[in-house]
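Taken together, the values in this text are just the output of simple stated rules run on the coordinates, not laboratory data. Treat the numbers as computed from the prediction; the structure is a model and nothing was measured. We place every Cβ from the backbone using ideal geometry, glycine too, and count neighbours over all the protein chains shown.
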Amino acid sequence: MSNSFLSFSSVTKKITMAIAGLFLIVFLMVHLGINLFILPIHDEHKEWFAAAAHFMGTNWVVKIFEIVLMAAIVIHILMGILLQIHNWMARGTRYKVAPKSKTSFMSRYIIWTGAVILLFLAVHFYNFYFIKLGIVEAPAAANIPHPQEEYFYEIAVYLFTNEMIFNILYLVSFVFLGIHLNHGFQSAFQTLGLNHKKYTPFIKGFGKVYSIVIPLGYMIIPLYFMIFG
């Protein structure tokens, strides 16, 4: 009875983490689309970014989505930690039966890629979301009169232009995010039972492309300011 309960609990955690992870994967695409407006891709790129930030900060539908997003982040992290603790507790048994494949290697170390991403999220929230909430003041050197969504552009440009440590953490974090996505994308679909000889190769291939293209898209932003800023 106890073993059945633990097994069911573990499966439930994996499914919950997979659903939250897939939601975050979709969000990464949307967020990247907005962030790319930081780059001078058009004469009005700053206005576009400010308008998008203002819309996301004031629209009630987006505010509900923001709550769902925060919940997805917390759930994904919490389920990952609980599953990792479960794996550590069962380490002796697992090592006797688990083959040392590439997949098991990624499974063992995905918690550490997640830890790096969590560190980046903490820094990111400190520099943006907490400023929006008024918990943290914007950098004085950024010359922002009243930090709200409209000034996220100035804060971002200031950080990318003047804070080398922030840039390095940003770049390293998205390298780890790519590794995390490469395993997590395929694992999420497998956990949800979406395996098929026709579709699984496509899902794996799409996951690999996604795990490269999306992190690179984010990394272009600090690299631009480091080179041309």
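Checking each residue in the stretch 168-189 for being of a type in the set (V, I, T) and in contact with a helix residue (DSSP H, G or I) (Cβ under 8 Å, 6 or more places away or on another chain) picks out V172, V175, I179.
Number of residues in the stretch 38-74 that are surrounded by 12 or more Cβ atoms within 10 Å (Cβ to Cβ) and of a type in the set (S, T, N, Q): the value is 1. Can you confirm whether the stretch 60-83 contains a residue that is more than 21 Å from the chain's Cα centre (by Cα) and not aliphatic (A, V, I, L, M)? Yes - at least one qualifying residue is present in the stretch 60-83. Being surrounded by fewer than 19 Cβ atoms within 10 Å (Cβ to Cβ), touching a residue at least 24 places away in the same chain (Cβ under 8 Å) and in a helix (DSSP H, G or I) holds for only one residue in I155, I165, I131, and it is I155.
Filter the stretch 168-190 for residues that are crowded, with 17+ Cβ neighbours inside 10 Å and more than 30 Å from Y126 (Cα to Cα) and give the result. Scanning the stretch 168-190 gives Q186, S187, F189.
Please indicate, with yes or no, whether at least one residue in the stretch 193-201 is outside any loop (DSSP other than H, G, I, E, B) and of a type in the set (K, R). For the stretch 193-201, residues outside any loop (DSSP other than H, G, I, E, B) and of a type in the set (K, R): absent.
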